[in-house]
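Data block below; observations after.
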Amino acid sequence: MTLQALIFDVDGTLADTERDGHRPAFNRAFAEAGLDWVWGVDLYGELLAVTGGKERMRHYVERYRPDYQKPADFDALIARLHAAKTRHYTAMLERGAIPLRSGVQRLVGEARRMGVRLAIATTTTPDNVSALLRHTLAPDAESWFEVIGAGDMVPAKKPAPDIYFHVLERLGLTPTQCLAFEDSENGLRATLAAGLATVITVNDYTRGHDFRDATIVLDQLGEPDAPCTVLSGPSLNGARYLGIEQLRLLSAQANRR
Ligand code: XBP
Ligand code: MG
């Protein structure tokens, strides 16, 4: 089956959003609510094992704050905190605080020119995706992605494959006609469970994750003047960055396995 669509994860893949984006937005929401919850860089790295901001806050209280007395309306508090955090995070994106990772804008443009379809499969909240795309690509960039699968659209978040099944169904494609792009072990477990060949681009939080069974692991998608490095997987035969041609080859190789 020839490559028909690219399915992108968002956080850590399209942009390096977690340490200097989501994390400070959570901390601002906690401070505003008068809570003494402060998520430092290292602690946040541990908390990222749980996908979904609301789920991550619950995990933090359960696992790290046995001292915290949950109020009767704890569910409502979590919802309020998450709404406040999303306001802070989208405001950061609107200020242009978080750029796209190397090679993302180039590859998206190449895919559009060559008729390769685009989709998104992310755990983050839809508002966050919309703000990121509008402020890093173009005001109408959301329309470039035929399907934007995000957040609570599915019952189970990554590492469950639900969001990828949702996107494949809406695209009307089989896994062998697509390539997924992820940055984390949770993301790869979701894509593999959905039967998707997967390109991994690592970041500071995920460099040490288990990426066995990924199609290829790179430091970045790369640019002509900022070549990528293959950390594991097939050689790019001298190519300095991942373009549609390289992706077609990777997809064909993965389908022959
Ligand atoms: C990353 C996540 C999200 C973000 C926070 O999603 O797990 O929960 O950390 O965003 P992905 P929310 O890598 O799948 O893009 O607070 O909106 O969940
Ligand atoms: Mg991610």
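The trypsin sites (Lys or Arg not before Pro) of region 84-187 that meet both conditions, a loop assignment by DSSP and at most 16 other Cβ atoms within 10 Å of the site Cβ, are 95. Put simply, the amide H of residue 15, placed in the peptide plane, has neighbours under 5 Å in 101, leaving out anything fewer than 5 places away on its chain. Computed from the Kirkwood radius of its Cα pairs, the Stokes-Einstein diffusion coefficient for region 11-125 at 4 °C and 1.567 mPa s stands at 82 µm²/s. With contacts taken as Cα pairs under 8 Å and at least 6 residues apart, the chain reaches a relative contact order of 23 percent.
3J(HN,Hα) couplings calculated from phi for region 159-170 with the Karplus curve 6.51 cos²θ - 1.76 cosθ + 1.60 (θ = phi - 60°) are, in sequence order, x, 5, x, 3, 5, 6, 5, 4, 5, 4, 5, 5 Hz; Gly and Pro show x.
Note on residue 158: aspartates and glutamates with a C-alpha under 13 Å away, same-chain residues under 8 apart excluded, are 9, 11, 55, 182, 183, 185.
Can you tell me the orientation of helix 74-94 relative to the chain, as the angle in degrees between its alpha-carbon axis and the longest Cα principal axis, to the nearest 10? Tilt of helix 74-94: around 50 degrees. Amide H contacts under 5 Å for residue 231: 217, 218, 219, restricted to partners 5 or more places along the chain or on a different chain, H placed in the peptide plane at 1.01 Å from N.
Taking all Cα pairs closer than 8 Å and separated by 6 or more residues, the relative contact order of region 116-256 comes to 15 percent.
The relative contact order of region 18-94, computed from alpha carbon pairs under 8 Å that lie at least 6 residues apart in sequence, is 44 percent. Each residue of region 50-67 was assigned a 3J(HN,Hα) from its phi angle through the Karplus curve 6.51 cos²θ - 1.76 cosθ + 1.60 (θ = phi - 60°); the sequence is 9, 8, x, x, 5, 5, 5, 5, 4, 4, 4, 5, 4, 8, 10, 10, x, 6 Hz, with glycine and proline shown as x.
Per-peptide packing, taken as the mean over residues of other Cβ atoms within 10 Å, places 183-190, 228-235 in the sequence 183-190, 228-235 from highest down. Its Cα centre serving as origin, the chain has a Cβ charge dipole (Lys and Arg +1, Asp and Glu -1) of approximately 320 debye.
With just the Cα atoms defining each centre, how far is region 193-219 from region 1-18? Give it in Å. Value for the Cα centre distance between the two parts: 11 Å. Modelled spin-label separation between residue 244 and residue 61, with each label point placed 7 Å from Cα along the Cα-to-Cβ direction: 4.9 nm.
Legend: calculated FRET efficiency, residue 32 to residue 134, from the Cβ-Cβ distance at R0 = 30 Å, rounded to 0.05, equals 0.75. Which residue, 132, 145, 209, has the largest displacement toward the positive end of the dipole of the chain when charges sit on each Cβ (Lys, Arg +1; Asp, Glu -1)? Farthest towards the positive end: 145.
Pair-distance distribution of region 12-67: all C-alpha pairs, bin width 5 Å, starting at 0; shares per bin in whole percent are 4, 18, 31, 29, 12, 4, 1, 0. Charge dipole of region 18-94 (Cα centre as origin; +1 on each Lys and Arg Cβ, -1 on each Asp and Glu Cβ, all else neutral): 120 debye, rounded to the nearest 20. For residue 85, list the lysines whose Cα falls under 18 Å from its own Cα; do not include residues on the same chain fewer than 8 positions away. Partners within reach: 54. Placing 204, 219 in order of accessible area, with the largest value first and a 1.4 Å probe, yields 204, 219. Between region 83-126 and region 240-256, the C-alpha centres lie 22 angstrom from each other. Note the angle between two axes, namely the Cα long axis of helix 126-136 and the longest principal axis of the Cα atoms of the chain, as a number of degrees from 0 to 90, rounded to the nearest 10. Helix 126-136 sits roughly 60 degrees off the main axis of the chain.
On the beta carbon distance between residue 212 and residue 256, with R0 = 22 Å, the FRET formula returns roughly 0.75.
The values are calculated or read from the model by the stated rules, or taken from the named source; none is laboratory data. Since we're looking at a predicted model, the values are computed, not measured. FYI the Cβ positions are ideal-geometry reconstructions off the backbone, even for glycines, and counts take in every protein chain you see. SASA here: full protein model, heavy atoms, side chains in, ligands and nucleic acids out. Shrake-Rupley method; radii C 1.70, N 1.55, O 1.52, S 1.80 Å.
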